[in-house]
Amino acid sequence: MEYSPERSIKPDFIQPLTMNLTTKFMGLNLKNPIIAGSSGLTANLAGILELEKNGAAAVVLKSLFEEQITFNYKSKLREVDLNIQYPEAHEFINNHTKQKAVDDYIDLITNAKKALSIPVIASINCVTHYEWTAFATEIEKAGADALELNMFFIPADPQRMSAVVEETYIEILQEVMKKVSIPVCVKVSPYFSGLSNSLLRFSFTGIKGMVLFNRFFSPDIDIETMKVISGPIYSSPDEIYLSMRWLAMLSDRIYCDLAASSGIHDGKGLVKVLLVGAKVAEIASILYTKGPGEIGVMLKYLEEYLTRHGFSSVSEIIGKMSLRQIDNPADYERVQFIKYYSGIE
Ligand SMILES: Cc1cc2nc3c(=O)[nH]c(=O)nc-3n(C[C@H](O)[C@H](O)[C@H](O)COP(=O)(O)O)c2cc1C
């Protein structure tokens, strides 16, 4: 169900927070562990102001997509029909379109920095090696507090070895790290054959944080029209379990802070990801379906949970149920329902 302002819980109806919920993610001091993840809601100043007003501790701006810029450029070429007649027009329109998109994004960062008192994290998704570093440099100059690299190359080519795929990520991370000094995090997918080792090696590049996991467009098919359509745009609460397992298994073993993303739809979900080792949660779907007022509801739940269990700060629960902290670490590594299959339980 889509969010409508009339139906959403207004922040005024939520009891004000009484506890200090501060936390730290990649060196940024945050007033609480909820970050508004990158989405259409963080694509403009009005949207991010609304998220700040409702209690978000930081915002990740909508990604600047190189692919989108290239698409705009190609449409522009078609529009003016200069493609064949004036080959030199290619370069002009390409540079112009790209610069315009980057300039708009830089303006958003500058305006957000002026208007907001919470950290502003920029986000980029590039295709070519060069653009990752070029965009990153411009974003740092614009004053973003941090940069999130929304990185995913679908390993669709059966000829491409997994080591080559992983090396591409590492090369890009190393290049970006050479160019910028603001904190950098990478938002990853779970689709690596050796996920733990890949993420460990990513953390050696000097990045300050990692977001587990991004959620992607999934193609569905319409069996009547035989067309490819979009799968569900918003996550379901069940999607939290994949992130939870990997946060639990990796939070003590990776050399950077971890953020959780995917399927965090309520206060309970927020508490769970903190317990398994995330420093923060990056949420999106619930902000669309229930509205930004849900941030206050989730924070209130967190506060009540901490009080009920006798904790006085968020840091006391972060990682309390990570792999190394629980009595039976094998619980996180179990993948088969053996007991259930054999009918013992
Ligand atoms: C409509 C929509 C647009 C999104 N756009 C971006 C984006 O531009 N960049 C990005 O890194 N993630 C993007 N995301 C992913 C979210 O930031 C988030 O990581 C993901 O949806 C999982 O969190 P959730 O279960 O709370 O939705 C988008 C998500 C949605 C629903």
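Each value in this text was obtained by applying a stated rule to the coordinates, not by laboratory testing. If you're wondering where the values come from, they're calculated on a predicted model, not measured in any experiment. Here Cβ is always computed from backbone atoms with ideal geometry, including for glycine, and neighbour counts include all displayed protein chains.
Here are some notes:
- Taking other C-beta atoms within 10 Å as the exposure proxy, 25, 337 rank 337, 25 from fewest upward.
- The P(r) of the chain has a tail past 25 Å containing 57 percent of all C-alpha pairs.
- Compared with the direct C-alpha span, the chain from residue 152 to residue 315 gains 55.6 nm at full extension, assuming 0.36 nm per residue.
- Here the range 90-224 is treated with +1 on each Lys and Arg Cβ and -1 on each Asp and Glu Cβ, and its dipole about the Cα centre works out to around 560 debye.
- Mean shadow area of the range 134-246, taken as a quarter of the surface of its Cα convex hull (nm²): 9.5 nm²
- Spin-label pair residue 338-residue 266: with each label point 7 Å from Cα along the Cα-Cβ axis, the two points sit 3.4 nm from one another.
- Maximal additional length on extending the residue 167-residue 242 stretch stands at 24.6 nm, based on 0.36 nm per residue less the C-alpha distance.
- Among 257, 252, 145, 266, the order by Cβ neighbours within 10 angstrom, fewest to most, reads 252, 266, 145, 257.
- Ranking of 152, 213 by count of other Cβ atoms within 10 Å, fewest first: 152, 213
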